[in-house]
Amino acid sequence: MKKQLASSLAVAFSAALLWSCNQSDPAPKGDYVSGVFVSNEGNFQQNNGAVSFFPRERTTADLDIFAAANGTDLKGGVQDYTASEKQGIILVDNSAAGQDRVQFVERYTFRDEGTIGAPDIENPREVAIAGSKAYVSCWGTNADQKYSTGYIAVIDLTTKKVTKKINVANGPENLVYNNGKLYVGTTQWGAGNSLAIINTTSDEATSPISTPGIANPVGIDANGKLWVSAGDKVLRINTESNATEATMTIATGGTKAVGNFAFSNDLKSIFFVLSWFDDAFKEHGATYKFSISDTQIAVGTPLIPRHFSGLAVDPSQGLLYGAVSPSYTQAGYAVRYRTDGSVVDSIKVGVIPSGFFFQ
């Protein structure tokens, strides 16, 4: 009888605890709780960028979910999208001076939750979140077209205000956050061969890492090492000492551009794109893969014989997503592949898709 009573009490306590948890932490509500978000840059002169969305089990996308939720479009190109615990953050780049902004939305409904505009945000490129702060790489006004006015805007996500601008010239681009450090890459049109590092506790730039080409961080691998793209080189860097442990060359033939790196979901393989333009300015290319344990990168046989304007791996399913942009005016596609390069399907999205966010 005592055992039955104890068991009954335990069940009752567990039920009460579960009820309490459900009451304090209800499931999120909205049309965009789980699925894939696609950043579509749009045509720069037409300012018709958008964020598309589709659940993983669907093969059609909602093409402009900000307009659907708010009755108006973003009025600019979309450079990046990411989300904190409750907020979505869209980087909007307008062709008109002074019209760029960070657009906040409620994460699951995409309803407008305010903006930060010029002069705090000028030519935003990429956003990374560290705790209660967001870091946005910005080219600045860039009036001289020399990328000498770049900075990182530090945003307090509670107040939605820029608390600091950290000077990072040469056109800051890609961002990777890891263990109190923000690694900052540089646009391919900038100058200087180094990877900037920001201490996210003090929000101060520390000593950069010298690189053999224009640097952009790729990510942190399964062993806690930082991978960096630098021209036609790929570097593996020790995050404790900042020492370069390995350097591998990607054969470009002097005419191909390396870009759009992405890690596999186990963080043991890296995908990338080699692309080039023909005499008619039509872009060509192919997608390759190498292991973090490789000592050289082979580009003889591509994993996928086509180039992409964006590349990412869904961490929950492990599928490789390639962004296809037929032109600067046509709708693009998100094409899903297995990691062996076999195609799964394709989904029509917005104009010039370039980034993915998985939720």
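Test each condition in (1) open to solvent by less than 80 Å² (accessible area, probe 1.4 Å); (2) farther than 13 Å from R236 by Cβ; (3) assigned to a loop (DSSP other than H, G, I, E, B) for I297 and report the one that comes out false. In the conditions (1) open to solvent by less than 80 Å² (accessible area, probe 1.4 Å); (2) farther than 13 Å from R236 by Cβ; (3) assigned to a loop (DSSP other than H, G, I, E, B), I297 misses (2) alone. Each residue in segment 154-184 was checked for being of a type outside the set (S, T, N, Q), in a strand (DSSP E or B) and free of Cβ contacts under 8 Å to residues at least 40 places away in the same chain, and 3 pass.
If you check I209 against the conditions, is it in contact (Cβ under 8 Å) with a residue 40 or more places away in the chain and surrounded by 18 or more Cβ atoms within 10 Å (Cβ to Cβ)? No, not satisfied. Checked against (1) closer than 20 Å to I250 by Cα; (2) of a type in the set (V, I, T); (3) open to solvent by less than 80 Å² (accessible area, probe 1.4 Å); (4) part of a loop (DSSP other than H, G, I, E, B), T339 meets all criteria but (1).
Please determine whether any residue of segment 217-227 is in a loop (DSSP other than H, G, I, E, B) and closer than 20 Å to N123 by Cβ.
no
On the stretch given as segment 187-206, residues that are outside any loop (DSSP other than H, G, I, E, B), open to solvent by 10 Å² or more (accessible area, probe 1.4 Å), in contact with a Pro (Cβ under 8 Å, 6 or more places away or on another chain) and not small (G, A, S) total 0. Tallying residues that are among the hydrophobic types (A, V, I, L, M, F, W, C), open to solvent by 30 Å² or more (accessible area, probe 1.4 Å) and touching a residue at least 12 places away in the same chain (Cβ under 8 Å) within segment 219-262 yields 6.
The values are calculated or read from the model by the stated rules, or taken from the named source; none is laboratory data. Given the structure is predicted, the values throughout are model-derived calculations rather than measurements. Counting neighbours? That spans all protein chains shown, and the Cβs are built from the backbone with ideal geometry, glycine included. We work out accessible area using only protein heavy atoms, side chains counted, and drop any ligands, DNA or RNA first. Shrake-Rupley method; radii C 1.70, N 1.55, O 1.52, S 1.80 Å.
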